[in-house]
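*Asks:* One structure is given below, represented as structure tokens, and several questions about it will come after.
The values are calculated or read from the model by the stated rules, or taken from the named source; none is laboratory data. Nothing here was measured: the structure is a model prediction, and the numbers come from that model. Here the Cβ positions follow ideal geometry from the backbone for every residue, glycine too, while neighbour counts run over all protein chains shown.
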Amino acid sequence: MKTVYLDYNSTTPLAPSVKEEMMPFLDNFFGNPSSLHQLGRKARAHLDEYRHRMAAVWQCKPSEVVFTSGATESINLAIFGTARLLKAKGRHLITSSVEHHAVLRSFEYLVNKEGFDVSYLPVDSDGRINPPDLENALRDDTIFVSLMAANNEIGTIQPVSELGNICRRHGVIFHTDAVQWFGKEPFSGINQFNADLVSCCSHKILGPLGCGALFIKSPLFPDPIHFGGSHENERRGGTENLASIAGFVSAMEQFVLNPAFCRASLEPLSLRLIELSHSSEIINLVSPLEMRLSNTCSFSIPSSDSLTLLASLDLEGICASAGSACSSGSLSPSHVLLAMGRSLDEANSLIRFSLGPSSSDDDIDYVLSVLPYIIKRILSS
């Protein structure tokens, strides 16, 4: 059976060149970077080299690069670490109603368990934040703002630089979840986000699973959330995953400076998928037509539900997602669509196709031929 992978926003295959970069650290260079013997010193030298290489891509100081186990840890460290660091100055936090659950659940915890107050910015019908809403939400006791650069479920690109500028003018620490940005949109350096903290991860850009990074603008020093050794300049306890760090940095060098998800290649394919909503009254496009990640097309099919649609697509060899892969196993409606003002039926029937470097016209042809048949079968059952 033909397999069509259209779930690149969830994870990407490991690029052969990235795997090649990793192999020495799965074989000869297996030392712990904190050990004092020769194998440990060699591992430490390589770790320092990769930190400098990441800093060169980001155009920042090596000390501002913190390697983590992935995006969730990076986001948690940014949110919990900064909120706890600055709580004596105030307890008001700001985020939006369309963030990834790694952000939303962190804020919920701070409200329910640690006495913080959170304001949730609304979004328009395209899932976009209006910058004046951020300006109006700021208070004298606001200490921290976290807003994503691009939405994982529908691909909306946020005016992140403008949002960061607002925070900077008011002296408020700004974090952006840029996980979906890297490798898809132009990157000229970490400062383009105007953020004090930027989260990203490896497996979204053809790198290995289990590795992420957090940019922390000097001299900010969030409270650690992992305790143990004095790793990562005392910002994160835990032995560094050197093989995955090697792969992550290699992927960042290859696929971010020259985005692997090339807009010129993927936009025409996405537009062909978008035609689905033009040819059927049942299929509703929920991704914006403009200011959208070129690889991301999301639809709602209110006459069905996400899990039924995903299972039916899978039976035909099509790998898609119901928005965030981190919550696709649940029956919860899309909080993103609800925040956009869409109906509960639409929020319960979200399907996301996210294309990647290997996506082809043949893949799109297959989806266009199979999806109407699937919908017809579901409606008749």
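*Asks:* Among what's in the stretch 1-22 and is in contact with a helix residue (DSSP H, G or I) (Cβ under 9 Å, 6 or more places away or on another chain) and in a strand (DSSP E or B), pick the residue that is nearest to Phe261 (Cα to Cα).
*Replies:* Tyr5
*Asks:* Then there is this: Would you please name the residue that is surrounded by the fewest Cβ atoms within 10 Å (Cβ to Cβ), looking only at residues in the stretch 139-167 that are under 20 Å from Lys89 (Cβ atoms) and out of contact with any strand residue (DSSP E or B) (no Cβ under 7 Å at 6 or more places or on another chain)?
*Replies:* My answer is Asp140.
*Asks:* Considering only residues that are farther than 26 Å from Leu293 by Cβ and either in the same structural domain as Ala339 (by TED's automatic domain parsing) or part of a helix (DSSP H, G or I) (or both), which ones fall in the stretch 106-134?
*Replies:* Going residue by residue through the stretch 106-134, those that are farther than 26 Å from Leu293 by Cβ are 108-119.
Those that are farther than 26 Å from Leu293 by Cβ and either in the same structural domain as Ala339 (by TED's automatic domain parsing) or part of a helix (DSSP H, G or I) (or both): Glu108, Tyr109, Leu110, Val111, Asn112, Lys113, Glu114.
*Asks:* State whether the residues of the stretch 58-66 include one that is part of a helix (DSSP H, G or I), under 30 Å from Ser354 (Cα atoms) and among the polar types (S, T, N, Q). Steps first, answer last, please.
*Replies:* Within the stretch 58-66, the subset part of a helix (DSSP H, G or I) is 58, 62-64.
From what is left, the residues that are under 30 Å from Ser354 (Cα atoms) are 58.
Checking the rest, the ones that are also among the polar types (S, T, N, Q) come to none.
Within the stretch 58-66, not a single residue is part of a helix (DSSP H, G or I), under 30 Å from Ser354 (Cα atoms) and among the polar types (S, T, N, Q).
*Asks:* Find the residue count for the stretch 28-46, including only residues that are among the small types (Gly, Ala, Ser) and either loosely packed, with under 14 Cβ neighbours inside 10 Å or outside the structural domain of His231 (by TED's automatic domain parsing) (or both). Don't jump to the end; show me each part of the working.
*Replies:* Filtering the stretch 28-46 down to residues among the small types (Gly, Ala, Ser) leaves 31, 34-35, 40, 43, 45.
Then drop every residue that is not either loosely packed, with under 14 Cβ neighbours inside 10 Å or outside the structural domain of His231 (by TED's automatic domain parsing) (or both), which leaves 45.
Of the residues in that region, 1 qualify.
*Asks:* Within the group Leu6, Leu26, Leu39, Leu86, which residue is modelled with pLDDT of 95 or more and over 24 Å from the mean Cα position of the chain (by Cα)?
*Replies:* Values: Leu6 fails: over 24 Å from the mean Cα position of the chain (by Cα); Leu26 fails: modelled with pLDDT of 95 or more; Leu39 fails: modelled with pLDDT of 95 or more.
Answer to the selection: Leu86.
*Asks:* Does Glu290 count as in contact with a helix residue (DSSP H, G or I) (Cβ under 7 Å, 6 or more places away or on another chain) and not assigned by TED's automatic domain parsing to the domain that holds Val179?
*Replies:* Values: in contact with a helix residue (DSSP H, G or I) (Cβ under 7 Å, 6 or more places away or on another chain): no; not assigned by TED's automatic domain parsing to the domain that holds Val179: yes.
So Glu290 fails the test.
*Asks:* I'd like to verify a number: residues in the stretch 276-317 that are of a type outside the set (S, T, N, Q), part of a helix (DSSP H, G or I) and closer than 30 Å to Asn130 by Cβ, how many? Explain how you work it out, then say what you get.
*Replies:* Residues of the stretch 276-317 that are of a type outside the set (S, T, N, Q), as a first pass: 276, 278, 281-283, 285-286, 288-293, 297, 299, 301-302, 305, 307, 309-311, 313-317.
With part of a helix (DSSP H, G or I) added as a condition, the list becomes 276, 278, 307, 309-311, 313-315.
After this cut, where a residue has to be closer than 30 Å to Asn130 by Cβ as well, the list is 276, 278.
Adding up the residues that qualify gives 2.
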